[in-house]
Amino acid sequence: MFSWIIEMILSGLPEWFWPAVAVSGVMIYLFAKLIGNFPTFKPYTFFIKPIGVLITIFGVFMFGGAGVTAIYQAQVDEMKAKIAKAEEESKTANTNLQTKIVTKTKVIHDRQVVIQDRIVKDAAIIDSECKLDPLAVKDLNSAAKNPLKVAK
Amino acid sequence: MKKILTLLFVIGLTGCSSMLAPMPKQSWPDTPPDLKIACDDLALLNEDTTKLSEALKVITANYSQYYTCKDKVDNWLEWYNTQQKIYNSVK
């Protein structure tokens, strides 16, 4: 939360802000050096000079960070756009596949219904000359059982 | 003066590396719900039956079961290949 607030504040600053801070630090330092020539102000320069240096360092630090962050942010945005596009494509592909699955399942099911109806219709003819031996049933069931489950 | 400039340069570079946000990551997509359903076992004949027509009903149901399951495997392959292609396109 804290870093997010900092990021929001930093991203709202204009590009020239941090160089300006660094330059103002240099100017403070030079000003301190200038007034150091006057004996009355000399004691104050001991405080003002370090402040100027610190402001310059801070300004340069933030300028370096902000510059690279801007480049990096552009890469992040580009990546986000690519990911969003890929996710959209992926979603479309999934929808298309789901539709295809439903259609193919229906075709397989309908085909089975037709054949089952045909068997019911022809049952009298099929059963007229053939009686199924229990051994045949047993063998067929053995073949239909999953060997991996049977082995357990 | 040179020392100060070097120091400022180093500090500037440190600023570069310490303010980077993490790169967004791409997530692997979810599968269509129908692919998550496992294939059923094959149907068995009623052991008391002596009618060939009854056996045929079960056999044809099993054929249908096979094609449903085969289709599921084919769909898994298609899903994986398509999604992998999309996933790899993001670089």
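The values are calculated or read from the model by the stated rules, or taken from the named source; none is laboratory data. Values in this document were obtained by computation on a predicted structure and should not be read as measured data. Neighbour counts are summed over all protein chains in view; Cβ atoms, including those assigned to glycine, are modelled from backbone coordinates with ideal geometry.
What tally of residues in the stretch A:128-143 results from selecting those that are modelled with pLDDT of 90 or more and either touching a helix residue (DSSP H, G or I) at 6+ places or on another chain (Cβ under 8 Å) or more than 9 Å from every other protein chain (Cβ to nearest Cβ) (or both)?
Of the residues in the stretch A:128-143, 7 are modelled with pLDDT of 90 or more and either touching a helix residue (DSSP H, G or I) at 6+ places or on another chain (Cβ under 8 Å) or more than 9 Å from every other protein chain (Cβ to nearest Cβ) (or both).
Rundown of residues vs (1) β-branched (Val, Ile, Thr); (2) more than 7 Å from chain B (Cβ to nearest Cβ), yes/no style:
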site	(1), (2)
A:Ala81	no, yes
A:Lys85	no, yes
A:Ile101	yes, no
A:Val113	yes, yes
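Report, by residue number, each residue of the stretch A:16-48 that is among the β-branched types (Val, Ile, Thr) and either touching a His at 6+ places or on another chain (Cβ under 7 Å) or farther than 13 Å from A:Phe63 by Cα (or both).
Of the stretch A:16-48, the ones among the β-branched types (Val, Ile, Thr) are A:21, A:23, A:26, A:28, A:35, A:40, A:45, A:48.
Across the stretch A:16-48, the qualifying residues are A:Val26, A:Ile28, A:Ile35, A:Thr40, A:Thr45, A:Ile48.
Consider B:Gln83 carefully, then state whether it is under 23 Å from the mean Cα position of the chain (by Cα), assigned to a loop (DSSP other than H, G, I, E, B), facing chain A (nearest Cβ under 7 Å) and at negative phi. Steps first, please.
Values: under 23 Å from the mean Cα position of the chain (by Cα): yes; assigned to a loop (DSSP other than H, G, I, E, B): no; facing chain A (nearest Cβ under 7 Å): yes; at negative phi: yes.
Criteria not met by B:Gln83.
Do we have any residue at all in the stretch A:31-48 that's surrounded by 12 or more Cβ atoms within 10 Å (Cβ to Cβ) and either facing chain B (nearest Cβ under 9 Å) or closer than 30 Å to B:Leu56 by Cα (or both)? Break it down stepwise before answering.
Within the stretch A:31-48, the subset surrounded by 12 or more Cβ atoms within 10 Å (Cβ to Cβ) is A:31-33, A:35-36, A:41-42, A:44-45, A:48.
Retained after the next criterion (residues that are either facing chain B (nearest Cβ under 9 Å) or closer than 30 Å to B:Leu56 by Cα (or both)): none.
Taking every residue of the stretch A:31-48 in turn, none turns out to be surrounded by 12 or more Cβ atoms within 10 Å (Cβ to Cβ) and either facing chain B (nearest Cβ under 9 Å) or closer than 30 Å to B:Leu56 by Cα (or both).
Run B:Ile59 past the list (1) more than 20 Å from B:Leu35 (Cα to Cα); (2) of a type in the set (A, V, I, L, M, F, W, C); (3) facing another protein chain (nearest Cβ under 7 Å) and report the number of the one that doesn't hold.
(3)
Mind checking which pairs have a first residue in the stretch A:62-78 that is in contact (Cβ under 8 Å) with a residue 12 or more places away in the chain and facing another protein chain (nearest Cβ under 7 Å) and a second that is assigned to a helix (DSSP H, G or I) and surrounded by 15 or more Cβ atoms within 10 Å (Cβ to Cβ), Cβ under 6 Å, 6 or more apart or different chains?
So the pair list comes out as A:Met62/A:Trp18; A:Phe63/A:Trp18; A:Phe63/A:Pro19.
Taking A:Gly59, is it farther than 30 Å from B:Thr31 by Cα, surrounded by 18 or more Cβ atoms within 10 Å (Cβ to Cβ), at pLDDT below 85 and not charged (D, E, K, R)? Don't jump to the end; show me each part of the working.
On the way: farther than 30 Å from B:Thr31 by Cα: yes; surrounded by 18 or more Cβ atoms within 10 Å (Cβ to Cβ): yes; at pLDDT below 85: no; not charged (D, E, K, R): yes.
So A:Gly59 fails the test.
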